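Here's the structure we're looking at; comments come further down.
The values are calculated or read from the model by the stated rules, or taken from the named source; none is laboratory data. Just so you know, these numbers come straight off a predicted model, no measurement behind them. Using ideal geometry, Cβ is built from the backbone for each residue, glycine included, and neighbour counts are taken over all protein chains shown.
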Amino acid sequence: MAKLDPYASLKYREFNIFLLVRFAMVFAWSMQFVVIEWEVYSITKDPLSLGYIGLMEVIPAVLMALFAGHIADRSEKKGLLMKCILGFSVISLGLFLLTWPRIVGSWPSSTILTGIYILVFLGGFVRAFIGPTIFSLIALIIPKKLYPNAATWNSTAGQLGRVLGPALAGFTITVISVHWSMCVIFGFSLLAFVSLLMIEKKPIMNKETDQSIWNSLGEGLSFVFKEKSILGAITLDMIAVLFGGAVALLPVFAQDILKVGSEGFGILRAAPAVGSSIIMFASAYFPLHKKAGMKLLAVVFGFGVCIVIFGLSKIFWVSVIALFFSGVTDGISMIIRQTILQLRTPDKMRGRVAAVNSIFIGSSNELGAFESGVTARLMGTVTAVVFGGSMTLITVLATGAILPSFRKLDLQKDLEEHEKEA
């Protein structure tokens, strides 16, 4: 087997451009979500209103996911991604106008909240297409033998966006206001659009133009449920994210429990992504494809422990450390899951498989936010977070006991086969 080169995928010019696009979009989306969370909770002082933000986005994202995967498989990926970025830019511009001080001062709070929820809802449609399109595009830029390395850097770029977006949001909310924070977000969406222009158009891998949309969608679902490694990985992560969605309640912790203001909120929001970014850089030197199943079970269990500690903490620095290590474990989980998907998904089905993944994983973030909001209303904020972390621990133990084959999952042979093909 060839000697590991941790920077192998970075030698491809278009992949570097792709990483810039990926970073800019994740940065803008993460920053926008944090600013919206802060504004909504500042208006309502109700943790359930934070859950509604996630619910508004997840409904269209889930409803459109399989159709979006079908379209992604049949479309030219660069052009489709450009349309997605334009859609996001329009939504960001709408939020910029909706938070204009003159409007906020003259319109009823209920009207402003309704407008925010509507724009978040429309953003869910855009997100449904972005996931399958990006997943498909990266496979057309990088050779198969470099998929694990590319997955690491792709995840790292995304996590850097998740670090800097929330951190900058916490700063700009205080310094330049919610309104002008939205302008910064709009600027990063334009950066992503301009950068994407430098990537060439890619061939369409799925040539089955006579296949009906229902057969196409059924084929994608059937593949995922037959490929147990993919099904196990995304199911495990879905449950963990669904019940471990403590970050949705961070405005409550920042304002009412830890009392650290918007700057502290930005630090809390960025802490998990900082942990993820550090571990992702390290993983470029220490690949995770060997004994992938056991590693995935271990890190998701660790994630649950971190969430429980965060929920119980009343000390700011302890909370930050707990969130940091939740990011470390989540980052490892993300890399392993992406490597499984990239190595075991046929080129012609990447859009549909990514769409199923977005239903399991992407939607669970928003459903987790809603679940956290509901349980916080019913149980109290601290109890809700501890409950979610505990459910994650139980899920990992149950998965390990029920699926012994998943514990034995190893991707070494998959990688060696792709190297032979290359």
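Within the range 327-340, the set of residues being within 13 Å of Ser277 (Cβ to Cβ) and of a type outside the set (A, V, I, L, M, F, W, C) comprises Gly327, Asp330, Gly331. Reported count of residues in the range 310-320, each being in contact (Cβ under 8 Å) with a residue 40 or more places away in the chain and in a helix (DSSP H, G or I), is 6. Looking only at residues of the range 137-165 that are in a helix (DSSP H, G or I) and of a type in the set (Val, Ile, Thr), we find that the one that is nearest to Pro6 (Cα to Cα) is Thr152.
As a summary of the residue check, Asp5 satisfies the conditions (1) out of contact with any Phe, Trp or Tyr (no Cβ under 6 Å at 6 or more places or on another chain); (2) outside any loop (DSSP other than H, G, I, E, B); (3) closer than 27 Å to Leu160 by Cβ except for the one numbered (2). Screening the range 208-303 for helices (runs of 4 or more DSSP H) wholly inside it with 3 or more residues that are crowded, with 22+ Cβ neighbours inside 10 Å and at pLDDT 80 or above returns the ranges 261-283. Looking across the range 307-321, the residues that are among the aliphatic types (A, V, I, L, M) and surrounded by fewer than 24 Cβ atoms within 10 Å (Cβ to Cβ) come down to Val308, Ile309, Leu312, Ile315, Val318, Val320, Ile321.
Exactly one residue out of Ala28, Ala24 is touching a Ser or Thr at 6+ places or on another chain (Cβ under 6 Å), closer than 30 Å to Val252 by Cβ and part of a helix (DSSP H, G or I), and it is Ala28.
Of the residues making up the range 17-76, just one is closer than 21 Å to Val175 by Cβ, over 18 Å from the mean Cα position of the chain (by Cα) and charged (D, E, K, R), namely Glu39.
Suppose the filter is over 19 Å from the mean Cα position of the chain (by Cα), more than 14 Å from Leu236 (Cα to Cα) and modelled with pLDDT under 70; does Lys420 pass it? For Lys420, the condition - over 19 Å from the mean Cα position of the chain (by Cα), more than 14 Å from Leu236 (Cα to Cα) and modelled with pLDDT under 70 - is met. Selection of the range 57-85 for residues being surrounded by fewer than 22 Cβ atoms within 10 Å (Cβ to Cβ) and within 28 Å of Ala248 (Cβ to Cβ) yields Ile59, Pro60, Val62, Leu63, Met64, Phe67. All of Phe125, Phe129, Phe135 fail the test of being in contact (Cβ under 8 Å) with a residue 12 or more places away in the chain, farther than 17 Å from Arg22 by Cβ and of a type outside the set (Val, Ile, Thr), apart from Phe125.
Does Ala169 qualify as being more than 19 Å from Trp38 (Cβ to Cβ), crowded, with 18+ Cβ neighbours inside 10 Å, small (Gly, Ala, Ser) and within 21 Å of the chain's Cα centre (by Cα)?
Judged against the criteria, Ala169 is not a match.
Residues considered: Leu122, Leu160. Of these, the only one that is surrounded by fewer than 21 Cβ atoms within 10 Å (Cβ to Cβ) and aliphatic (A, V, I, L, M) is Leu122. For the range 314-326, a residue qualifies if it is more than 9 Å from Phe303 (Cβ to Cβ) and under 17 Å from the mean Cα position of the chain (by Cα), and the qualifying residues are Leu323, Phe324.
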